[in-house]
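The structure appears right after this line, and notes come after that.
The values are calculated or read from the model by the stated rules, or taken from the named source; none is laboratory data. If you're wondering where the values come from, they're calculated on a predicted model, not measured in any experiment. Cβ: placed from backbone, ideal geometry, glycine included. Neighbour counts: every protein chain shown. Just the protein is used for accessible areas: all its heavy atoms, side chains included, with ligands, DNA and RNA removed. Shrake-Rupley method; radii C 1.70, N 1.55, O 1.52, S 1.80 Å.
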Amino acid sequence: MRAASAVTLTFLSAIICCSFTLQLSPPNIIIMLMDDMGWGDLGVLGQPSKETPNLDAMAAQGMLLPNFYTANPLCSPSRAALLTGRLPVRNGFYTSNAHARNAYTPQEIVGGISKEEILLPQMLKKKGYVSKIVGKWHLGHRPQYLPLENGFDEWFGAPNCHFGPYNSSIRPNIPVYNNSEMLGRYYEEFKIDKETGESNLTQLYLTEGLDFILRQSDAQQPFFLYWAADATHAPVYASKRFLGKSQRGRYGDAVMELDYSVGQILAWLKTLGIENNTFVFFTSDNGAALISAPNEGGSNGPFLCGKETTFEGGMREPAIAWWPGHIKEGTVSFQLANVMDLYTTSLALAGISPPEDRTIDGLDLTPVLLNEPHLLLDRPIFYYRGNELMAVRLGQYKAHYWTWSNSWEEFKTGINFCPGQEVPGVTTHNQKEHTMQPIIFHLGRDPGEKFPLRVLTKEYQDVLSRISPVVEQHKKNMIPGIPQLNMCDMAVMNWAPAGCEKLGKCLKGPESKPWKCDWPH
């Protein structure tokens, strides 16, 4: 009897020990960042074309966050913000060449992510995470700026946008990397048919993601997968299976394929039995590019303008959090949240404290996601364009301190970030300062930012009295980082990436003649 009791006690102790260990093991983390996908592209957010059944199901099984924002209305700065938890004006992903200009990392950019920054995968190594990026990097293409030099263990994708094809004597096509060496180039080994829109890149990215998940699951090692597919960025593409299947043309086809891929990844987690230990977050880098619409641009729903602007359409993003057994199914949180929060939240899930030697702008969203008591509701959202604070949201109210869509010169050539949405005095084509008397909207009543509050009303004065000290404190504590996006040089383009020798793909570049980059908007 005593022997049996001893065996039983040992067995129970083992169960308790293992359960405790499982509870303490950090979850896997998957961040899915789309490219130029708009808030209004998801069925769950009102898109009637029925292209996103898997994303709609993901929202039904998790949490929808309708008040989720990016940190900048353009690709590179928003990605830098996600991976550093810091505003682009702090982490250096902006330009000081001109006032309030959007800047990114084309091939001729000299700079990239600063070595002073501590990226999310570098932090996650403290708890043994293996990290992989699949898809678009966009934080600098020179060797010192690439993913494996900044915390990632694996990479399959490209350092720049899939623009092209180019004449190799003037400008090289963008390389596609496997880890630290190129496998080929866009439009050469990695085909994109701009006439038909056909490309199998999304399928390659899906396969890479599924393979990584399987390997880490078999190794029983926590992983971070940053899945950054770019099919919805012009030139938009989809594989043959999806071309012509949507109601919105090529752009809708790309959305359908990305939705399918999300569904495959979530199903794979369930097949492997790790869905309860994997936190997944879906969002986009900036608003839909209305300049590319309707054929190659998406929908920002009821919001004003799109990519490149600090109106709602440029910075409010679709967002879904999914973690079976932890996030309550079918929940909707109207918490104001930001892409930088994914940095701090991921660290919290992994049991890692954020760096203490710098300002971290991202907040820990775990109390919101796990339905715990919190005081996050009144946090502000800051809308930056380059080196300028353009607007601030607090609660339901948004105050514009500067307005600008794009210049008259560009507008007259057909470049329009707000097609069909001109709002007099708001979507200005000159940079207009309103710091003495900001334009204020109630986004609950007026999500399209068409009807400013009247200045002499009590509502306006009450809102201004609450927002003004928030802005003053923010500006007082702001120490901008050294701008990384000021200098350009044709000599630094992707002429001879690592691995080009093996493939016979090295090209001879021009002599170095650096200049100050011109950022028109």
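Descriptive notes on the structure:
- Residue satisfying all of: in region 259-302; in a helix (DSSP H, G or I) and among the β-branched types (Val, Ile, Thr); most open to solvent (accessible area, probe 1.4 Å) among these: 271
- Test: residue in region 243-252 that is open to solvent by 10 Å² or more (accessible area, probe 1.4 Å) and not in a loop (DSSP other than H, G, I, E, B): yes
- Test: residue in region 305-322 that is in a loop (DSSP other than H, G, I, E, B) and more than 19 Å from the chain's Cα centre (by Cα): no
- For region 41-66, residues that are of a type in the set (D, E, K, R), under 21 Å from residue 337 (Cβ atoms) and open to solvent by 30 Å² or more (accessible area, probe 1.4 Å) total 1.
- Candidates 91, 97, 102, 150, filtered to the one that is open to solvent by less than 10 Å² (accessible area, probe 1.4 Å), polar (S, T, N, Q), in contact with an Asp or Glu (Cβ under 9 Å, 6 or more places away or on another chain) and within 18 Å of residue 518 (Cα to Cα): 102
- As a summary of the residue check, residue 426 satisfies the conditions (1) outside any loop (DSSP other than H, G, I, E, B); (2) in contact with a strand residue (DSSP E or B) (Cβ under 7 Å, 6 or more places away or on another chain) except for the one numbered (1).
- If you go through region 412-456 and keep only what is within 27 Å of the chain's Cα centre (by Cα) and of a type in the set (Phe, Trp, Tyr), you end up with 417, 441.
- Contact map, region 363-378: first residue in contact (Cβ under 8 Å) with a residue 24 or more places away in the chain, second residue acidic (Asp, Glu) and part of a loop (DSSP other than H, G, I, E, B), Cβ cut-off under 9 Å, separation 6 or more or different chains; pairs are 376/364.
- Of the criteria (1) under 30 Å from residue 519 (Cβ atoms); (2) open to solvent by less than 30 Å² (accessible area, probe 1.4 Å); (3) hydrophobic (A, V, I, L, M, F, W, C); (4) assigned to a loop (DSSP other than H, G, I, E, B), which one residue 390 fails: (4)
- Within region 467-521, considering residues that are in contact with a Pro (Cβ under 8 Å, 6 or more places away or on another chain) and β-branched (Val, Ile, Thr), the one most open to solvent (accessible area, probe 1.4 Å): 470
- Annotation note: of 467, 479, 439, the sole residue that is closer than 30 Å to residue 376 by Cβ, in contact with a His (Cβ under 7 Å, 6 or more places away or on another chain) and either in contact (Cβ under 8 Å) with a residue 40 or more places away in the chain or of a type in the set (S, T, N, Q) (or both) is 439.
- Members of region 32-83 found to be part of a helix (DSSP H, G or I), under 13 Å from residue 316 (Cα atoms) and touching a strand residue (DSSP E or B) at 6+ places or on another chain (Cβ under 7 Å), listed by number: 39
- Taken as a whole, region 376-387 holds at least one residue that is farther than 22 Å from residue 342 by Cβ and open to solvent by 30 Å² or more (accessible area, probe 1.4 Å).
- Residue in region 219-232 that is touching a Pro at 6+ places or on another chain (Cβ under 9 Å), open to solvent by less than 10 Å² (accessible area, probe 1.4 Å) and over 14 Å from residue 51 (Cα atoms) present: yes
- Given (1) in contact with a strand residue (DSSP E or B) (Cβ under 9 Å, 6 or more places away or on another chain); (2) modelled with pLDDT under 95; (3) not basic (Lys, Arg), number of the condition residue 294 does not satisfy: (1)
- Every residue from region 170-195 that is open to solvent by 40 Å² or more (accessible area, probe 1.4 Å) and touching a Lys or Arg at 6+ places or on another chain (Cβ under 9 Å): 181, 188, 189
- Selected residue [open to solvent by 10 Å² or more (accessible area, probe 1.4 Å) and in contact with a helix residue (DSSP H, G or I) (Cβ under 6 Å, 6 or more places away or on another chain)] from 328, 307: 307
- Residue within region 443-459 that is open to solvent by less than 10 Å² (accessible area, probe 1.4 Å) and not in a loop (DSSP other than H, G, I, E, B) present: no
- Filter pass, residue 131 being part of a strand (DSSP E or B) and among the polar types (S, T, N, Q): yes
- Pick from region 105-128, criterion assigned to a loop (DSSP other than H, G, I, E, B) and in contact with a Gly (Cβ under 8 Å, 6 or more places away or on another chain), ranking: most open to solvent (accessible area, probe 1.4 Å): 116
- For region 415-423, the condition holds for no residue, the condition being that it is touching a residue at least 60 places away in the same chain (Cβ under 8 Å), part of a strand (DSSP E or B) and not small (Gly, Ala, Ser).
- The set of residues in region 331-348 that are open to solvent by 10 Å² or more (accessible area, probe 1.4 Å) and under 23 Å from residue 57 (Cβ atoms) comprises 331, 332, 333, 334.
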